Amino acid sequence: MTEPTLPLCEIDHLVITAPDLASGVEFVRQRLGVVPQPGGEHPRMGTHNCLLKLGESVYLEVISPNPAAPKPDRPRWFELDHLMPDTAPRLATWVARTSDIRATLAAASEPLGDIEPMSRGQLNWLITIPPDGSLPFSGVAPTLIEWSVQPHPATRLPDAGFSFVHLEAFHSEAPRISGLLRSLSLQSEVTVASLRAGSRPFLVAQILTPEGLKTIGG
(Lines give C-alpha, C1' and ligand atoms only; values in the text may rest on other atoms or scores of the structure.)
Protein backbone atom coordinates (compact mmCIF):
# COMPACT_ATOMS: atom_id res chain seq x y z
CA MET A 1 0.00 0.00 0.00
CA THR A 2 1.31 3.44 -0.91
CA GLU A 3 2.09 5.71 2.02
CA PRO A 4 0.09 8.98 2.11
CA THR A 5 2.04 11.99 0.86
CA LEU A 6 2.88 14.53 3.55
CA PRO A 7 1.68 18.06 2.78
CA LEU A 8 4.46 20.44 1.76
CA CYS A 9 5.38 23.27 4.13
CA GLU A 10 6.30 26.80 3.06
CA ILE A 11 7.30 29.95 4.90
CA ASP A 12 4.15 31.80 5.91
CA HIS A 13 5.50 34.71 7.93
CA LEU A 14 8.42 36.09 9.92
CA VAL A 15 7.82 37.10 13.54
CA ILE A 16 9.32 40.20 15.16
CA THR A 17 8.65 40.24 18.91
CA ALA A 18 8.71 43.51 20.84
CA PRO A 19 7.63 44.75 24.28
CA ASP A 20 5.29 47.22 22.50
CA LEU A 21 4.20 47.76 18.91
CA ALA A 22 5.83 51.19 18.60
CA SER A 23 9.33 49.85 19.27
CA GLY A 24 8.76 46.87 16.99
CA VAL A 25 7.54 49.06 14.14
CA GLU A 26 10.53 51.37 14.58
CA PHE A 27 12.86 48.36 14.50
CA VAL A 28 11.45 47.38 11.09
CA ARG A 29 11.54 50.98 9.81
CA GLN A 30 15.22 51.35 10.68
CA ARG A 31 16.22 48.10 9.00
CA LEU A 32 13.90 47.92 6.00
CA GLY A 33 12.83 51.55 5.53
CA VAL A 34 9.10 50.87 5.80
CA VAL A 35 6.42 51.15 8.48
CA PRO A 36 4.25 48.01 8.88
CA GLN A 37 0.52 48.66 8.87
CA PRO A 38 -1.78 47.99 11.86
CA GLY A 39 -3.04 44.42 11.94
CA GLY A 40 -5.40 43.51 14.74
CA GLU A 41 -5.83 41.79 18.09
CA HIS A 42 -5.56 38.17 19.24
CA PRO A 43 -8.12 37.91 22.06
CA ARG A 44 -7.00 34.48 23.33
CA MET A 45 -3.40 35.64 23.72
CA GLY A 46 -3.81 39.27 24.78
CA THR A 47 -1.60 40.42 21.91
CA HIS A 48 -1.81 42.63 18.84
CA ASN A 49 0.25 43.11 15.70
CA CYS A 50 1.36 45.13 12.69
CA LEU A 51 2.00 43.60 9.28
CA LEU A 52 4.10 44.02 6.14
CA LYS A 53 3.40 42.16 2.90
CA LEU A 54 6.40 40.23 1.56
CA GLY A 55 4.62 38.37 -1.25
CA GLU A 56 1.25 36.89 -2.16
CA SER A 57 1.51 34.32 0.62
CA VAL A 58 4.28 35.69 2.87
CA TYR A 59 4.36 38.58 5.34
CA LEU A 60 6.27 40.02 8.27
CA GLU A 61 4.53 40.36 11.62
CA VAL A 62 5.44 42.65 14.51
CA ILE A 63 3.72 41.28 17.63
CA SER A 64 3.61 42.44 21.25
CA PRO A 65 1.45 42.20 24.37
CA ASN A 66 -1.66 44.34 24.05
CA PRO A 67 -1.83 46.72 27.06
CA ALA A 68 -5.55 47.26 26.42
CA ALA A 69 -6.39 43.54 26.65
CA PRO A 70 -6.71 41.39 29.78
CA LYS A 71 -3.71 39.20 30.42
CA PRO A 72 -4.60 35.63 29.42
CA ASP A 73 -4.81 32.89 32.02
CA ARG A 74 -2.06 31.01 30.16
CA PRO A 75 1.41 31.91 28.86
CA ARG A 76 1.36 34.10 25.76
CA TRP A 77 2.88 32.70 22.58
CA PHE A 78 6.34 33.56 21.20
CA GLU A 79 7.73 34.06 24.75
CA LEU A 80 6.09 37.49 24.92
CA ASP A 81 5.61 37.20 28.68
CA HIS A 82 9.40 37.23 29.06
CA LEU A 83 9.85 40.65 27.49
CA MET A 84 10.75 43.60 29.70
CA PRO A 85 9.90 47.22 28.74
CA ASP A 86 13.50 47.77 27.61
CA THR A 87 13.86 44.47 25.72
CA ALA A 88 15.06 45.10 22.18
CA PRO A 89 12.77 43.97 19.34
CA ARG A 90 14.16 41.07 17.32
CA LEU A 91 13.42 38.53 14.62
CA ALA A 92 12.37 35.88 17.11
CA THR A 93 11.02 33.05 14.95
CA TRP A 94 9.14 32.11 11.80
CA VAL A 95 5.93 30.33 10.87
CA ALA A 96 5.57 27.54 8.30
CA ARG A 97 2.28 26.97 6.50
CA THR A 98 0.76 23.53 5.88
CA SER A 99 -2.58 22.35 4.52
CA ASP A 100 -2.79 19.60 7.18
CA ILE A 101 -1.28 20.70 10.47
CA ARG A 102 -2.07 17.44 12.25
CA ALA A 103 -0.28 15.29 9.68
CA THR A 104 2.66 17.69 9.52
CA LEU A 105 3.04 17.85 13.30
CA ALA A 106 2.83 14.06 13.55
CA ALA A 107 5.67 13.76 11.04
CA ALA A 108 7.88 16.36 12.77
CA SER A 109 11.13 14.95 14.12
CA GLU A 110 11.05 17.40 17.05
CA PRO A 111 8.20 18.56 19.36
CA LEU A 112 6.70 21.87 18.24
CA GLY A 113 3.83 22.24 20.71
CA ASP A 114 0.09 21.64 20.78
CA ILE A 115 -2.39 22.55 18.04
CA GLU A 116 -4.51 25.52 19.11
CA PRO A 117 -7.37 27.40 17.41
CA MET A 118 -6.71 31.10 17.02
CA SER A 119 -8.39 34.16 15.52
CA ARG A 120 -7.84 37.81 14.62
CA GLY A 121 -10.91 39.68 13.45
CA GLN A 122 -12.52 37.58 10.71
CA LEU A 123 -9.43 35.35 10.30
CA ASN A 124 -9.24 31.90 11.86
CA TRP A 125 -6.44 29.36 11.89
CA LEU A 126 -4.80 26.46 13.71
CA ILE A 127 -1.31 26.95 15.09
CA THR A 128 1.24 25.06 17.19
CA ILE A 129 2.04 26.57 20.59
CA PRO A 130 4.05 24.90 23.38
CA PRO A 131 1.99 24.97 26.62
CA ASP A 132 4.60 27.16 28.32
CA GLY A 133 4.68 29.67 25.43
CA SER A 134 8.30 28.87 24.63
CA LEU A 135 9.96 29.02 21.21
CA PRO A 136 11.16 25.58 20.03
CA PHE A 137 14.93 25.59 19.57
CA SER A 138 14.98 29.22 20.72
CA GLY A 139 12.88 30.27 17.73
CA VAL A 140 15.04 28.70 15.03
CA ALA A 141 12.49 25.90 14.61
CA PRO A 142 9.25 27.01 12.98
CA THR A 143 5.76 27.32 14.35
CA LEU A 144 3.21 25.48 12.18
CA ILE A 145 0.04 27.14 10.89
CA GLU A 146 -3.00 25.98 8.91
CA TRP A 147 -5.22 28.78 7.66
CA SER A 148 -9.00 28.36 7.53
CA VAL A 149 -9.39 31.05 4.85
CA GLN A 150 -8.63 31.46 1.17
CA PRO A 151 -6.95 33.29 -0.43
CA HIS A 152 -3.97 33.78 1.87
CA PRO A 153 -4.33 36.76 4.26
CA ALA A 154 -1.25 38.42 2.73
CA THR A 155 -3.30 39.15 -0.39
CA ARG A 156 -5.32 41.63 1.71
CA LEU A 157 -2.26 43.69 2.61
CA PRO A 158 -1.07 46.68 0.55
CA ASP A 159 1.92 45.97 -1.66
CA ALA A 160 4.82 48.33 -0.84
CA GLY A 161 7.28 46.54 -3.12
CA PHE A 162 8.89 44.27 -0.50
CA SER A 163 9.45 40.54 -0.99
CA PHE A 164 10.91 37.69 1.02
CA VAL A 165 14.08 36.18 -0.45
CA HIS A 166 15.78 33.86 2.02
CA LEU A 167 15.95 32.84 5.69
CA GLU A 168 19.08 31.54 7.38
CA ALA A 169 18.91 29.81 10.73
CA PHE A 170 21.97 29.60 13.01
CA HIS A 171 22.07 26.95 15.76
CA SER A 172 24.64 24.82 17.57
CA GLU A 173 22.56 21.73 16.75
CA ALA A 174 22.26 22.45 13.05
CA PRO A 175 21.85 18.76 12.04
CA ARG A 176 18.76 18.46 14.24
CA ILE A 177 17.27 21.62 12.72
CA SER A 178 18.00 20.38 9.20
CA GLY A 179 16.43 17.03 10.05
CA LEU A 180 13.35 18.78 11.39
CA LEU A 181 12.92 20.83 8.22
CA ARG A 182 13.22 17.68 6.10
CA SER A 183 10.60 15.93 8.25
CA LEU A 184 8.24 18.86 7.61
CA SER A 185 8.74 18.62 3.82
CA LEU A 186 9.70 22.29 3.83
CA GLN A 187 9.90 23.77 0.32
CA SER A 188 10.78 27.39 1.11
CA GLU A 189 14.12 29.17 0.96
CA VAL A 190 15.60 28.25 4.35
CA THR A 191 19.17 27.19 5.11
CA VAL A 192 20.73 26.12 8.39
CA ALA A 193 24.22 27.06 9.60
CA SER A 194 26.18 25.77 12.59
CA LEU A 195 27.19 27.70 15.68
CA ARG A 196 29.65 26.78 18.39
CA ALA A 197 28.16 24.99 21.39
CA GLY A 198 26.72 27.47 23.87
CA SER A 199 26.19 30.21 21.28
CA ARG A 200 22.79 31.88 21.17
CA PRO A 201 20.71 30.77 18.15
CA PHE A 202 19.50 33.46 15.76
CA LEU A 203 17.81 34.08 12.41
CA VAL A 204 18.66 36.35 9.49
CA ALA A 205 16.09 37.11 6.80
CA GLN A 206 16.89 38.65 3.43
CA ILE A 207 14.20 41.01 2.12
CA LEU A 208 14.18 42.62 -1.31
CA THR A 209 13.13 46.24 -0.91
CA PRO A 210 12.61 49.11 -3.39
CA GLU A 211 16.11 50.23 -2.33
CA GLY A 212 17.72 46.84 -2.85
CA LEU A 213 18.41 43.75 -0.76
CA LYS A 214 18.35 44.27 3.01
CA THR A 215 18.56 41.97 6.03
CA ILE A 216 16.72 41.81 9.31
CA GLY A 217 17.73 39.69 12.29
CA GLY A 218 21.11 38.56 13.47
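The values are calculated or read from the model by the stated rules, or taken from the named source; none is laboratory data. Keep in mind that what you see is a predicted model, and the values were worked out from it rather than measured. When we count neighbours, we look across all protein chains shown, and the Cβ atoms used for this are built from the backbone with ideal geometry, even at glycine. Just so you know, the surface numbers come from the protein's heavy atoms only, side chains and all, with ligands and any DNA or RNA stripped out. Shrake-Rupley method; radii C 1.70, N 1.55, O 1.52, S 1.80 Å.
In square nanometres, what is one fourth of the surface area of the convex hull spanned by the alpha carbons of the stretch 1-123? Display every interim value, and only then the final one.
Numbers: hull surface 37.3 nm².
Over every viewing direction, the Cα hull of the stretch 1-123 projects on average to 9.3 nm².
For LYS53, what accessible surface area do you get with a 1.4 Å probe? Give it in Å², rounded to 10.
20
Calculate log10 I(q)/I(0) of the stretch 167-217 for q = 0.17 Å⁻¹, where I(q) comes from the Debye formula with a single equal point scatterer on each Cα and nothing for solvent.
Summing over Cα pairs of the stretch 167-217 leads to -0.58.
Within the stretch 66-82, whose backbone N sits under 15 Å from a point 7 Å along Cα→Cβ of ALA22?
Backbone N within reach: 66-68.
Please report the relative contact order for the chain, taking Cα pairs under 8 Å with a sequence separation of at least 6, and give it as a percent rounded to a whole number. Show your work: numbers first, answer last.
On the way: 508 pairs, mean separation 50.7, N = 218.
This gives 23 percent for the chain.
For the full complex of protein chains and a 1.4 angstrom probe, list LEU203, LEU186 by accessible area with the highest value first. Provide the component values of the computation, followed by the final result.
On the way: LEU203 5, LEU186 30 Å².
In descending accessible area the options line up as LEU186, LEU203.
Which order do the peptides 56-64, 208-216 come out in when sorted by mean C-beta neighbours inside 10 angstrom, highest first? Don't jump to the answer; show the numbers that get you there.
Working: 56-64: 22.2, 208-216: 13.0.
Packing order, densest peptide first, comes out as 56-64, 208-216.
Determine the per residue accessible area of the chain with all protein chains present and a 1.4 angstrom probe, expressed in square angstrom.
47
How much length is gained on full extension from ALA106 to GLN150, taking 0.36 nm per residue of separation minus their Cα-Cα distance?
Numbers: separation 44, 0.36 × 44 = 15.84 nm, distance 2.42 nm.
13.4 nm is the gain from fully extending ALA106 to GLN150.
Roughly how many nanometres apart are two label points built 7 Å out from the Cα toward the Cβ at LEU123 and GLN37?
My value for the distance between the label points is 1.2 nm.
For the peptides 76-84, 44-52, what is the packing order when you average, over each peptide's residues, the other Cβ atoms within 10 Å and list the highest mean first? Before the final figure, lay out each step's value.
Values: 76-84: 19.0, 44-52: 21.8.
The most tightly packed comes first, giving 44-52, 76-84.
Between ASP132 and ARG196, what is 0.36 nm times their sequence separation minus the Cα-Cα distance? Round to one decimal in nm.
Extra length from ASP132 to ARG196 when fully extended: 20.3 nm.
May I ask you to order 113-119, 33-39 by the average number of other C-beta atoms within 10 Å around their residues, highest value first?
On the way: 113-119: 14.6, 33-39: 16.6.
Order by mean packing, descending: 33-39, 113-119.
Please report the antiparallel percentage of DSSP beta bridges with both residues in the chain, rounded to the nearest 5. Walk me through the numbers on the way to the answer.
Working: 42 of 56 bridges.
Rounded to the nearest five, the antiparallel share is 75 percent.
Can you give the local net charge around SER109? Use residues other than it whose beta-carbon is closer than 9 angstrom to its beta-carbon, Lys and Arg +1, Asp and Glu -1.
+1
How much length is gained on full extension from THR5 to THR87, taking 0.36 nm per residue of separation minus their Cα-Cα distance? Write down the numbers at each step before the final one.
Working: separation 82, 0.36 × 82 = 29.52 nm, distance 4.26 nm.
Residue separation times 0.36 nm, minus the Cα-Cα distance, leaves 25.3 nm.
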